[in-house]
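Enquirer: Take a look at this one; I'll ask things after.
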Amino acid sequence: MTDMLLTEIDHVAIAVPDLDAAVAYYEQTFGATVAHRERIDSDGVEEALLKVADSYIQLLTPVSDDSPVAKFLEKKGPGIHHVGYRVTDCAVALQSVKDQGGQVIDQAPRPGSRGTTVAFVHPKGAFGTLIELVQE
Ligand code: CO
């Protein structure tokens, strides 16, 4: 048995074509507020994080045409893009994925937004869900 490595749902990421419109929807409909907004050029995205208890809704929009999120929107339209699970140690969780024969997108942990350390797990081998491991 593997020890439980996931400590919290960190965020649910939703791909949107218009970040301001999506933020306005959550503000006006649910009274949500933006806790953090950041452009991550290495991923070709801009994100807005809306806090829900100890988790976030991460609204994601592409800032370049070759961004994976741009391709996602083109293929599937707006919708849930990935789930971020909070972990104590990103390297340990990533190694566990590899040990179980899972496919990873990031071979090693790397910097994410708001100072986190992250690694993505390929949806193939993860029952169709793109998983992000998030270490705060
Ligand atoms: Co994410």
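Rundown of residues vs (1) within 14 Å of the ligand (Cβ to nearest atom); (2) surrounded by fewer than 18 Cβ atoms within 10 Å (Cβ to Cβ); (3) under 12 Å from the mean Cα position of the chain (by Cα); (4) modelled with pLDDT under 95, yes/no style:
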residue: M1; (1), (2), (3), (4): no, yes, no, yes
residue: T7; (1), (2), (3), (4): no, yes, no, no
residue: F30; (1), (2), (3), (4): no, yes, no, no
residue: D43; (1), (2), (3), (4): yes, no, yes, yes
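Enquirer: Look at the range 72-84 and say how many of its residues are surrounded by fewer than 20 Cβ atoms within 10 Å (Cβ to Cβ) and either outside any helix (DSSP H, G or I) or away from the ligand (no atom under 16 Å from the Cβ) (or both).
Expert: First, pick out the residues of the range 72-84 that are surrounded by fewer than 20 Cβ atoms within 10 Å (Cβ to Cβ): 72-80, 83.
Next, from what is left, pick out any that are either outside any helix (DSSP H, G or I) or away from the ligand (no atom under 16 Å from the Cβ) (or both): 74-80, 83.
The qualifying residues number 8.
Enquirer: Based on what the data block shows, is L60 out of contact with any Leu (no Cβ under 9 Å at 6 or more places or on another chain) and either open to solvent by 60 Å² or more (accessible area, probe 1.4 Å) or touching a residue at least 12 places away in the same chain (Cβ under 8 Å) (or both)?
Expert: On the way: out of contact with any Leu (no Cβ under 9 Å at 6 or more places or on another chain): no; either open to solvent by 60 Å² or more (accessible area, probe 1.4 Å) or touching a residue at least 12 places away in the same chain (Cβ under 8 Å) (or both): yes.
Answer is no for this residue.
Enquirer: Which numbered condition in (1) open to solvent by 20 Å² or more (accessible area, probe 1.4 Å); (2) more than 13 Å from the ligand (Cβ to nearest atom); (3) assigned to a helix (DSSP H, G or I) is the only one that D65 fails?
Expert: Condition (3) is where D65 drops out.
Enquirer: Of everything in the range 85-130, what is within 14 Å of the ligand (Cβ to nearest atom), touching a helix residue (DSSP H, G or I) at 6+ places or on another chain (Cβ under 8 Å) and either open to solvent by 60 Å² or more (accessible area, probe 1.4 Å) or more than 18 Å from D54 (Cα to Cα) (or both)? Give them in sequence order.
Expert: Result: D106, P109, A119, V121.
Enquirer: Confirm whether Y26 is within 15 Å of the ligand (Cβ to nearest atom) and either crowded, with 18+ Cβ neighbours inside 10 Å or within 17 Å of the chain's Cα centre (by Cα) (or both).
Expert: Values: within 15 Å of the ligand (Cβ to nearest atom): no; either crowded, with 18+ Cβ neighbours inside 10 Å or within 17 Å of the chain's Cα centre (by Cα) (or both): yes.
Here the answer is no, as Y26 does not meet what is asked.
Enquirer: Still on this structure: So, of the residues in the range 9-23 that are closer than 19 Å to D65 by Cβ and hydrophobic (A, V, I, L, M, F, W, C), which turns out to be surrounded by the fewest Cβ atoms within 10 Å (Cβ to Cβ)? Spell out the reasoning first.
Expert: Restricting attention to the range 9-23, the residues satisfying the condition of being closer than 19 Å to D65 by Cβ are 15-19.
Applying the additional criterion that residues be hydrophobic (A, V, I, L, M, F, W, C) yields 15-16, 19.
On the way: A15: 25, V16: 22, L19: 20.
Ranking the candidates gives L19 first.
The values are calculated or read from the model by the stated rules, or taken from the named source; none is laboratory data. Note that the structure is a prediction, hence the values are computed from the model and not measured. Note that we place each Cβ from the backbone using ideal geometry, even for glycine, and neighbour counts take in every protein chain shown. Surface areas here come from the heavy atoms of the whole protein model, side chains and all, with no ligands, DNA or RNA. Shrake-Rupley method; radii C 1.70, N 1.55, O 1.52, S 1.80 Å.
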